[in-house]
Amino acid sequence: MSQSEKSHPAGNVIGDGQVENGGSARVPLLDDAAAGLYEADASLDPLSRAALIGVSRALASVGRAFVCLDPHFRVLHASIMLEKLLGPGTALRVRGRPVEELLGEDLFGRNGPLRRALQAGDRREGWRATLQFEGAGPRLVSITVAPLKHGPPDICDPRIAHLIMMRPAEEEPSGGGGPTFFSGVVASSPAVLQIFRLIENLEQSEATILITGETGTGKEVIARAIHEHSPRRHAAFVAVNCGALPAELLDSELFGHVRGAFTGAVRDRLGRFEVASDGTLFLDEIADIAPHLQVKLLRVLQEHTFARVGENQSRTTNARIIAATNQDLRQAMTEGRFREDLYYRLRVVPLKIPPLRSRPEDIQPLANHLLARFSQQHGLFKRLSPQAMRVFLDHSWPGNVRELANAIEYAVAVSKSETILPEDLPAGILEGAMVHLPSPKPAPGIGEPVANAAPPAARNLDAAHLRAELDTHHWRRDATAHALGISRTTLWRLMREHKLA
Ligand SMILES: Nc1ncnc2c1ncn2[C@@H]1O[C@H](COP(=O)(O)OP(=O)(O)O)[C@@H](O)[C@H]1O
Ligand SMILES: [Mg+2]
C-alpha cells in the first residue's frame, strides 16, 4: 500500500512539495530535516519553533528521528526523519495521536514498561520496538526514551513532557542492551533476535515456512509476527490446530464442504484455505495430520488447488502457508507417519525456536512483559520482587513461555500485595527452581540473586543444624526459612544439598 501524500491536513502542504512554515519561510519537504517541525502551530512562538528546528536538524545529521510527547503521551512533534522510516506524510499525521499507535501497547499501553519508566522520570536506552502507523511499517527501530526536564528559561515548546529518539535497528546491529519488542514477540537472546532478523529478511517473501520447537516456545506468536511483516499483513491470519480435530472434521475445516456432503452438512461451508486466500494460513501441529489429508495438502502446496468435501470441482487458493510442530518430523518420516514430499514442501524455510531453558536472557524481559499484560487485564499494577524473579531465572521451564505465562497469571491472581513474592508462585515453579541452570546476570536493580544474598552463616549450615531447625518448625519450610533469615528457595536448595528434601 502506498502511504503517499494522501492525507496532509488541508492547508499545511503546498502542491509543489513545500510546507508552509507557520506562515513565514517555506521549507522543502524531505530534504530539510527542519521541515519536520515546521508546520504552522499557532501555539508555538517563533523562538520555540527555531529551537525545535535546530534540534531536528542536528539530530537528523546523525540519523536520528525523534518524537516529542505531551504529558498524556500524545505526539506533539515528530521530526521529518520519521518519514524516512514510515514514508511521506507521517510526521504530520502522527500529531495528536497517542504514542501507542506508533510504538505499540506492549511498550506504551497503560502498564507498558516505557510509559511506566517515563512516568517515574526515568530514561531507558537501547530498547527495540516495531514502529508502525496507519498501515505504514512495521519497522524495527532502536529507541531511547527520556522525560524532558525543563529548566528556566524554557527555550522549547513547554508542553513537551517526554522525548523519544529512534533510528533503524539495523544501524545498531548489536542492539542497545534493552529488550526487543517485535510485533508482539519479546526477546533479548541472540537466538531469538536472529529469528527476528530472518523474519525481516523474509519480508517480501511468500515462502512456506516450517516452525519447529517444543510446546509453548512461541511458535504461534512467531507465525503471527511473520504475517505482520509480510506483504499480506492487511489480510487475514487464520490459525488451524490440526491436532485438535478428527480427520473428517479437519478435512472440512481446511477445505470446506458442500451441503449434503455428510450428515449435518446442512449448508455449504467455506474452508480455511479459502478464508485465508489473500492472507496467511497457520497450520499448527502439522505432524498430526492424517495420510489422506497429507496428500490433499501436498496438492494445495504444489498447485494451489483443492476441492471442498463432497464436491469434484477444483478450487484455487492463494493462501501463504506457515506450518508448525513440536514433533520431530524426520522421525515421523522414518516411521512412515509423515510424507517426505510434504515435509520438503513445507520446510522451504525452516525456523527452529529454542526452548526457554537454553535462552535464559529472555526470562526476565518475558516475565516483565507478561506481568504487565496480565496486570493490565485485571486492572492492577503489580511488580515482581527480586526474589520471585530469581526463582524464575532458576527454573528450567519444561513448558517454556506458556508455563511462564501461566505462572505469572497465577501469581497476579493470588498475590495480595502489589509486589509478587516467591510464595505467590505456583508450587511446581518453586520446586523446579532448584534445578540449576546457567542463569543470566539480571539487569541492575531487578532480580537480585537471592541465593548469594543468603547470610553466609545460613549458607554454611551443616546438616545437623538444618535438621534441628526443621524439627523445631515441624518441617514447615516457610517458618524454618524465616527463622534462618533465608528465602524458601535457598532453604529448599540447602535441604537438597544435605539430602533432607
Ligand atoms: N517471545 C514471546 N514473547 C511474548 N509472548 C510469548 C513469546 N513466546 C511465547 N509467548 C506467549 O506464550 C504462550 C505460548 O506461545 P505459543 O505461540 O502459543 O506457543 P507454541 O505455539 O509454541 O506452543 C502464548 O501466550 C504467547 O503469547
Ligand atoms: Mg501452538
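Between residue 207 and residue 236, the distance separating the two model label sites (each 7 Å from Cα on the Cα→Cβ line) works out to 2.7 nm.
With r defined as the distance between the Cβ atoms of residue 482 and residue 377 and R0 fixed at 41 Å, what FRET efficiency is calculated, to the nearest 0.05?
It comes out at approximately 0.80.
Between residue 110 and residue 402, residue separation times 0.36 nm minus the direct Cα-Cα distance comes to 102.8 nm.
What length, rounded to one decimal in nm, is gained on full extension from residue 472 through to residue 337, with 0.36 nm per residue of separation minus their alpha-carbon distance? Here the segment from residue 472 to residue 337 would lengthen by 42.8 nm. Taking chymotrypsin sites (Phe, Trp or Tyr not before Pro) across segment 295-390, the ones in a DSSP loop with at most 16 further Cβ atoms lying within 10 angstrom of their Cβ are 381.
Relative contact order of segment 191-352, please, whole-number percent, based on alpha carbon pairs below 8 angstrom and at least 6 residues apart. Mind dumping the intermediate values first?
Numbers: 290 pairs, mean separation 51.7, N = 162.
Relative CO of segment 191-352 lands at 32 percent.
Within segment 203-281, the percentage of alpha carbon pairs spaced more than 21 angstrom apart rounds to 40%.
In square nanometres, what is one fourth of the surface area of the convex hull spanned by the alpha carbons of segment 191-352?
Working: hull surface 37.4 nm².
Hull-based average projected area comes out at 9.3 nm².
The calculated FRET efficiency for residue 298 paired with residue 358, based on their beta-carbon distance and R0 = 35 Å, is about 0.60.
For a footprinting-style exposure proxy, rank 352, 84 by other Cβ within 10 Å, fewest first.
Numbers: 352 12, 84 19.
Listing 352, 84 from fewest to most nearby Cβ atoms yields 352, 84.
Provide the gained length on full extension for the span residue 465 to residue 431, in nm with one decimal, where the gain is 0.36 nm per separating residue minus the Cα-Cα distance. Display every interim value, and only then the final one.
Numbers: separation 34, 0.36 × 34 = 12.24 nm, distance 2.21 nm.
Extra length from residue 465 to residue 431 when fully extended: 10.0 nm.
In terms of other Cβ atoms within 10 Å, 288, 341 run from fewest to most in the order 341, 288. Note on residue 171 and residue 267: the model spin-label points, each 7 Å out from Cα along the C-beta direction, lie 5.5 nm apart.
Distance from the C-alpha centroid of segment 87-157 to that of segment 233-260: 40 Å, rounded to the whole angstrom.
Excluding residue 264 itself, calculate the net charge of residues whose Cβ lies under 14 Å from the Cβ of residue 264, where each Lys or Arg counts +1 and each Asp or Glu counts -1. Before the final figure, lay out the partial values.
Numbers: positive: 259, 267, 269; negative: 248, 251, 253, 268.
The answer is -1.
The numbers here are math on the coordinates, done by the rules we state, and not lab data. Computed from a predicted structure; not experimentally measured. So basically every Cβ, Gly included, is an ideal-geometry build from the backbone, and we count neighbours across all protein chains shown.
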